[in-house]
Amino acid sequence: EFRARLIPVENLRSLRTETHVSQLNLGKTKELPKDYDPRVERAHCLPEVADQASCGSCWAFSAVATFADRRCAYGLDSKPVHYSEQYVVSCDFGDGACNGGWLSNVWKFLTKTGVPKLDCLKYSSGMTGDRESCITHCTDGSPVELYQASHVINYGMDLDRMMEALVYDGPLQVAFVVYSDFGYYSSGVYQHVNGMIEGGHAVEMVGYGIDESGLKYWIIRNSWGPDWGEGGYFRIIRGVNECGIEEQAYGPFFEK
């Protein structure tokens, strides 16, 4: 049941076909606060945590959540809008639906094709474990209206740029190797201690902070429902590339 929510570890390897932050001349990093939690600073843009259920669709859920939250951060949506994860799972044939996907591939799909709002097509693969059919019309018969990102940047391994992006632009999609001990997480700052590799997992990085002991961490929104972990979120140690979580960090941009 635990593994059904994960993707193959080999899918965490970036295809390196996208623009990486190291290729850009972005100038000096802006001054950053020592901690940033969008649940406080940008609460109006964060909807309830979704649940992917028994399907390895974390690649779609985390990408769609990052897409939606960034649109709100950019002022394109005045309140949280839930976009259709099912449309991405069903129609992105560059990825493997419930068998997993690649972060770089899903962003190609969200820039070239796009995604409709949830009302067009609600999530069902979590119950069936299947891709389900790619629709040509919404379930109510109306046309499919697609929303796209203009481009995406991978900030992976540039921690200052990742933090800057979280504060000024919005969340990032990241991924990490899941060991068995992560299955017992309930609260606190996660650090891998023991256990075998269970798979990979794509999630939404939303903020960062320092705990009372001085331990630096990232704030991550999961897609296992609001009753898991810290209200659907978890924290993981920052600055040591724990379980590979700092290697890929995708942030979309939009034309206003």
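The values are calculated or read from the model by the stated rules, or taken from the named source; none is laboratory data. Values in this document were obtained by computation on a predicted structure and should not be read as measured data. Glycine gets a Cβ as well: all are built from the backbone with ideal geometry, and neighbour counts include every protein chain shown. What goes into the accessible areas is simple: the full protein's heavy atoms, side chains included, and nothing from ligands, DNA or RNA. Shrake-Rupley method; radii C 1.70, N 1.55, O 1.52, S 1.80 Å.
Along its first, second and third principal axes, ordered by size, the chain spans 55, 42, 33 Å in Cα coordinates.
Can you tally the net charge around Glu198? Count Lys and Arg as +1, Asp and Glu as -1, for every other residue whose Cβ sits under 12 Å from the Cβ of Glu198. Overall, the nearby charge balance is 0.
Heavy atoms of the protein chains alone define the surface here; on that basis the chain has 44 Å² accessible area per residue at 1.4 Å probe size.
Within the accessible area of the chain, the carbon and sulfur atoms contribute 48%, probe 1.4 Å, all protein chains present. Secondary-structure-derived ellipticity at 222 nm for the chain, considering helices only, amounts to -5500 deg cm²/dmol, per-run term -39500 (n - 2.57) for DSSP H runs with n ≥ 4. Ranking of Tyr179, Tyr190 by solvent-accessible surface, largest first: Tyr179, Tyr190 (1.4 Å probe, protein heavy atoms only, all chains present). Over all pairs of different C-alpha atoms, region 134-254 has a mean inverse distance whose reciprocal, the Kirkwood radius, equals 15.8 Å.
Karplus-based coupling profile of region 137-148, in residue order and whole Hz: 9, 5, 4, 8, x, 6, x, 7, 9, 9, 10, 10, with θ = phi - 60° in 6.51 cos²θ - 1.76 cosθ + 1.60 and x standing for Gly or Pro. In this structure, the pairs whose alpha-carbon distance is over 19 Å, taken from Lys79/Lys112; Lys79/Lys117; Lys34/Lys216, are Lys79/Lys112.
Electrostatic bookkeeping for Gly239 treats Lys and Arg as +1 and Asp and Glu as -1; over the other residues with beta carbon under 10 Å from its beta carbon, the sum is 0.
The Cβ shell under 12 Å around Asp69 holds other residues with a net charge of +3, Lys and Arg each +1, Asp and Glu each -1.
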